[in-house]
Structures are given as structure tokens and as C-alpha cells.
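**Student:** I am attaching a structure below and will ask some questions about it afterwards.
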Amino acid sequence: MSESGNRWTTTIGKAEPDRVLLRGYNLTEDLLGKVSFGEMTYLMMMGRRPTPGQAKMVEALLVVLAEHGVTAASIAARLTYANAPEALQGAIAAAILGAGSVHLGSATDCARMLQEALADQPADADLDKLAEATVERFLAQKRIIPGLGHGTHRGGDPRAARLFEIAKETGVYGRACGLLERIEKIVEQRRGRLLPINVTGAMGAIDVDLGLPWQVAKGFAVVGRAMGALAHLTDEVREPLGHQISAHVVNNFDYQDPPR
């Protein structure tokens, strides 16, 4: 979106009386029934149709975080729906509002780390040296290296491994993915134990190799988790648990007078 004279312009889309235009395509004639949600996502974000490989990669990014068992996010969605069943959108929003530095947000932090490390570097830059420098910088600043480690998948996150496999199969795997894998190895050598690449770290690296800015790297995670929240809410409609969860929490709190 930009300003032209006294008018604003956008290349994303426009609704007219008899058609809807998206990135230069007619929604009903060119896209509906002809493209997948992943292809549509890539088109909307990048402004061009994806290659088959890029489309497959985006589909994987949208699917991989749809569900990870019962989480605080899914419980938040159920509790919100139980209190406001007329506002489905609010319950879905409740599930993704907590997507931050602890949960889902490391995709953004990892993408930023990789994008900044690769900025202004030549195409044949030594990734091993870049990885060493990146690890040294984070350790010197006493900062957590984003994209590594997982509380459940301590021996390796199978989702991250599969995403990298798909990235290689589709030709998306590039310098950012390679840099993150080198960072993982250096950190393992320094700590003497494996601190595996997690799913959001892999997503951040792949986003960079797709050409996305780091600021939107957790977008795929948010969209995928919104779909997962919808599944939990469908289950909540069929088998309501929200009020029971709320009552359980309330009944396990005791009041204590504060010291005077």
C-alpha cells in the first residue's frame, strides 16, 4: 500500500459490484475451486502465484502447528466460548492472543536472528563462520538462542525434522535453514548436549528462505493454530467442558487474608 497524490493505492485487492480482485486475479473466475489455501496464502503474501514446491511448503507450514494436544490456548478458547457462545471469533482469538515469546513466537525471533545474520552477506558466505559469530554474539549478550529446545521433544522435534525434509524436497531449503542447522551443532558442542531445532525455529528459517520479512514469521503458526482452535470449539459444542474446567479451577483456589 502506498500514497499516490491524495489517494492511497494497494496491490492486494479490491471489491467491485460484480467481482472481487486479488493480486490481479478475479477471485471467482481465476481462483475459487482452482487453488488451495496454501497457494492462496502465498499469493496474498508474496503478490505472485507460487511454484508447486513453494505451494507444498506453505501447505506444510499451515498444517504443522494445527494441534499439539490440550494446551493453555485450547483451554482459553473453550473457557471463552463457554461464557460467550455467540462470539465464536472471540474464542478463536483467545487461543492465539498468547502467541508470544514463550509459545509460537520464537518463529519470529529465530527468523530475525537468521535474517540479520545473513543481511549484506554474499551468496557464497561461509555459513559455519556466520553460525559461530551468531552463537558468540548471543552468548556474550546472555540471550537465549531462539528456535532451539523443546520441553516435550527433548531428543528432537519430529515436526522440525519433517519441515526441513519438505524444504529440501521442494527446493525451498536455503541459507537460513542451513545456518540454523549449523547453529544447532555449535550449541550442542558448547553445551555438551543436544538442544534440538524446534518446530517454530524451523518455521522461522523456512520463512526467511521463502523471502518473507521476519516480522510476519509467526503468521503461519497463528493461522494454523486458529484452525486447531476451531476444532476444539467444534468439540466444545458437541461435548461442553468449558464450565467444568472453570469450576475445577475455582474450586481449587483458597482465599487467604494478606499480612497486615
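Every read-out reported here was derived from the displayed coordinates using simple, explicitly stated rules and does not represent laboratory data. Model, not experiment: these values are computed from the prediction. Cβ: placed from backbone, ideal geometry, glycine included. Neighbour counts: every protein chain shown.
**Student:** Considering the values (1) 63, 62, 40; (2) 52, 37, 31; (3) 61, 45, 32, which represents Cα extents along the principal axes in Å as calculated for the structure under consideration?
**Tutor:** (1)
**Student:** So what is the 222 nm mean residue ellipticity for the chain from helices alone, if each DSSP H run of at least 4 adds -39500 (n - 2.57) and you divide by all residues, rounding to the nearest 500 deg cm²/dmol?
**Tutor:** -17500 deg cm²/dmol
**Student:** Please report how far the C-alpha centroid of region 119-150 lies from that of region 168-206, rounded to the nearest whole angstrom.
**Tutor:** Rounded to whole Å, the Cα centres lie 11 Å apart.
**Student:** So how far, in whole Å, is the C-alpha centre of region 1-59 from the one of region 207-260?
**Tutor:** 30
**Student:** Another question, then. Could you put V222, V58 in order, starting from the residue whose Cβ has the fewest other Cβ atoms within 10 Å?
**Tutor:** Ordered by Cβ neighbours within 10 Å, fewest first: V222, V58.
**Student:** Hey, another quick one. Place a +1 charge on the Cβ of each Lys and Arg in the chain and a -1 charge on the Cβ of each Asp and Glu, then give the dipole magnitude about the Cα centre in debye, rounded to the nearest 20.
**Tutor:** So the dipole magnitude of the chain works out to roughly 360 debye.
**Student:** What range in the chain is the longest one free of chymotrypsin sites (Phe, Trp or Tyr not before Pro) that are in a loop by DSSP and have at most 10 other Cβ atoms within 10 angstrom?
**Tutor:** 1-252
**Student:** In which sequence would C177, C110 go, from the one with the fewest C-beta neighbours within 10 Å to the one with the most?
**Tutor:** Ranking C177, C110 by Cβ neighbours within 10 Å, fewest first, gives C177, C110.
**Student:** Once Lys and Arg get +1 and Asp and Glu get -1 on their Cβ, which of G192, G211, V102 lies farthest toward the positive end of the dipole of the chain?
**Tutor:** G192
**Student:** Something else now. So if I place +1 on the C-beta of Lys and Arg and -1 on the C-beta of Asp and Glu, and nothing else carries charge, what would the dipole magnitude of region 1-52 be about its Cα centre? I want it in debye, nearest 20.
**Tutor:** So the magnitude is around 120 debye.
**Student:** So, one more: Test of the criteria: in region 49-88, which GluC sites (Glu not before Pro) are in a DSSP loop and have at most 15 other Cβ atoms within 10 angstrom of their Cβ?
**Tutor:** Answer by residue number: E86.
**Student:** Which of the peptides 87-97, 237-247 is most tightly packed, and how do the rest follow, going by the mean number of other Cβ atoms within 10 Å of each residue?
**Tutor:** 87-97, 237-247
**Student:** Here's something else I'd like to know. Given labels modelled 7 Å from the Cα in the Cβ direction, how far is it in nm from A133 to L32?
**Tutor:** Going from the A133 label point to the L32 one covers 5.2 nm.
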